[in-house]
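A.B. asks: Have a look at this one before I ask anything.
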Amino acid sequence: MKKTVRLQIVKPMDEDWEILGRVLHDIRYQTRQVLNKTIQLCWEYSNFSSEYKALHGDYPKNKEILHYTSMHGYAYNQLKEQYYYIQSGNCSQTVKRAVDKWKSDLKEILRGDRSIPSYKKDIPIDIVKDAVSLEHDEKNGNYIATLSLMSTAYRKEMERKSGQFRVLLHSGDNSKKTILKRLVQGEYQHTASQIVKKGKKWFLNLSYKFDVLQTPFQTERVMGVDMGVIYPIYMAFNYHDHLRYKIQGGEIERFRRQVESRKKALQDQGKYAGSGRVGHGTKTRIDPLEVIRDKIANFRETKNHHYSRYVVDMAEKHECATIQLEELKGIHQDDAFLKRWSYHDLQEKITYKAEEKGIQVIKVDPQKTSQRCHHCGNIDSNNRKEQASFLCTSCGMETNADFNAAKNISIPGIEQIIQTEMKS
Ligand SMILES: [Zn+2]
């Protein structure tokens, strides 16, 4: 988000208004010259290109012909010497302002719907981001800006030690004070700004940007996450009948097998190596099983960060205010190693990443969520004749079993719903 706040320059801190006033007038005068000259040079540049095209059938490669890669470079390099009062960054910004104006007006100018831009007196002075710094005087609550205005040549001409001016800003009402406070604390960042004169007073039109805190989530939208054997993660949404995302479990499973077989090989080896290893002194001895444990931990850490980020990103993308996960106590038996190894950690990572974004995480009892038809509510163990597919014995809905479970998990208050359905 970008905004601008107008702050009156009350006075220079270290000298008379007379000096600052003169400098501002000089710079404003040259700024106007730069703007109008840039427009002329834009014309020149465009005409040159058109003539070149008429002769050669194509537009010139800027760099080869004009020695500049852009209209901005073409204008700036000719003007910076001529209008040498202005601090170079600010001058470049002024050129950019005119070039942008030229480019946006060009079509209408060529159609004759708009005249060529011309800058009158009283135009604002550009001041780039790096030419402004802000400080807060805690003692008296004043906000002070340091403005870098003069080129080195101009500074020498004026016999000054510095081209910068420290000025007192009128912080005005509380909303302006809050903005200044946030700028000084770094919560907001100021961007390219301008200095303008209104009547007899000078103002700093300070532009700034900040991040919008979070996406507006839709409170009724829930993402359900099923954790299974075939797919470690399967995502579905309560408000959508088909939308789904899944993570393939292959890499976890492959890594697990690999690790298990190496562990076994080492244990077998250990039998034969016997006490031979120990004789070389305890300091250099590295337990190979420990190395494997570290490898598992690293792999899990990396993958779980990756997976949890994906889950939260998908919830955010679809503006879900809530993610529902299955309570882990429901997972047990067969693939116990894989479950213990991964899922608890994965859920923790999903939870904290979601909460950072303002998405709430609710754990639901997954009981019967794999046997219940998300479409008609029929609960029947015969719905799951095979591991991977789901075929409802009542309504005939056929779908992926993990998708069906994730759909059930995404339903708000699913535990209560299943309890009620079980009674009837
Ligand atoms: Zn059904």
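A.B. asks: How much length would be gained if the chain were fully extended between A153 and K317, taking 0.36 nm per residue of separation minus their Cα-Cα distance, in nm to one decimal?
C.D. replies: 53.7 nm
A.B. asks: Same structure again: Relative to the first principal axis of the alpha-carbon coordinates of the chain, what is the inclination of helix 288-317, with its axis defined by its Cα atoms, in degrees from 0 to 90 and to the nearest 10?
C.D. replies: Here the helix axis deviates by roughly 60 degrees.
A.B. asks: Now a separate question. How far apart, in nm, are the 7 Å Cα→Cβ label points at L289 and Q40?
C.D. replies: 8.6 nm
A.B. asks: Expressed in nm to one decimal, what extension gain is obtained for the pair Y52 and H242 from 0.36 nm per residue of sequence separation less their Cα-Cα distance?
C.D. replies: Gain in length upon complete extension: 62.7 nm.
A.B. asks: Where the only charges are on Cβ atoms (+1 Lys, Arg; -1 Asp, Glu), what is the dipole of region 13-117 about its Cα centre, to the nearest 20 debye?
C.D. replies: 460 debye
A.B. asks: Quick one: compute the contact order of the chain, relative version, from alpha carbon pairs under 8 angstrom and 6+ residues apart, as a percent.
C.D. replies: Taking the mean separation of contacting Cα pairs over the length of the chain, I get 14 percent.
A.B. asks: Considering only C-alpha atoms, what is the centroid distance from region 342-394 to region 1-24, in Å?
C.D. replies: 62 Å
A.B. asks: Now a separate question. At q = 0.14, 0.15, 0.25 Å⁻¹, what is the log10 ratio I(q)/I(0) for region 23-111, with the Debye formula run over Cα points and no solvent?
C.D. replies: -0.52, -0.58, -1.23
A.B. asks: So in the chain, what percent of DSSP beta bridges are antiparallel if you round to the nearest 5?
C.D. replies: 80 percent
A.B. asks: Something else about it: If each Cα of the chain is one equal point scatterer, what is log10 of I(q)/I(0) from the Debye formula at q = 0.13 Å⁻¹?
C.D. replies: The Debye formula, applied to the Cα set alone, gives -1.02.
A.B. asks: Right, something else. Beyond 27 Å between alpha-carbons counts as too far, so tell me which of K11/K156; K295/K357; K349/K423 fall in that bin.
C.D. replies: Result: K295/K357; K349/K423 exceed 27 Å.
A.B. asks: Using a Förster distance of 30 angstrom, determine the FRET efficiency expected from the C-beta separation of S104 and H25, and round it to 0.05.
C.D. replies: 0.55
A.B. asks: Positive end of the charge dipole of the chain (Lys, Arg +1 and Asp, Glu -1 on Cβ, about the Cα centre): tell me which of N378, Y52, W17 has its Cα farthest that way.
C.D. replies: The Cα lying farthest towards the positive end belongs to W17.
A.B. asks: Still on this structure: Label point 7 Å out from D122 along Cα-to-Cβ: which residues of region 174-199 have amide N under 15 Å?
C.D. replies: 196-199
A.B. asks: Taking a threshold of 31 Å on the Cα-Cα distance, which of the pairs K2/K103; K139/K353; K121/K181 fall above it?
C.D. replies: Correct reply: K139/K353; K121/K181.
A.B. asks: Name the cysteines of the chain that stand alone by the Cβ rule: no other cysteine Cβ under 4.7 angstrom.
C.D. replies: Cysteines of the chain left without a disulfide-compatible partner: C42, C91, C320.
A.B. asks: In debye, nearest 20: dipole of the chain around its Cα centre with unit charges on the Cβ of K, R (+) and D, E (-)?
C.D. replies: Here the chain has a charge dipole of around 1060 debye.
A.B. asks: What angle, in degrees between 0 and 90 and rounded to the nearest 10, separates the Cα long axis of helix 250-273 from the longest principal axis of the Cα atoms of the chain?
C.D. replies: 60 degrees
A.B. asks: Could you list the residues of region 159-186 with an amide nitrogen less than 14 Å from a label point located 7 Å from the Cα of E138 in the Cα-to-C-beta direction?
C.D. replies: So the set is 185.
Readers should treat all values here as calculations from the given coordinates under stated rules, not as data from a laboratory. Remember, predicted model here, so these are calculated numbers, not experimental data. A quick note on method: Cβ atoms are made from the backbone with ideal geometry, for glycine too, and the neighbour counts reach across all protein chains shown.
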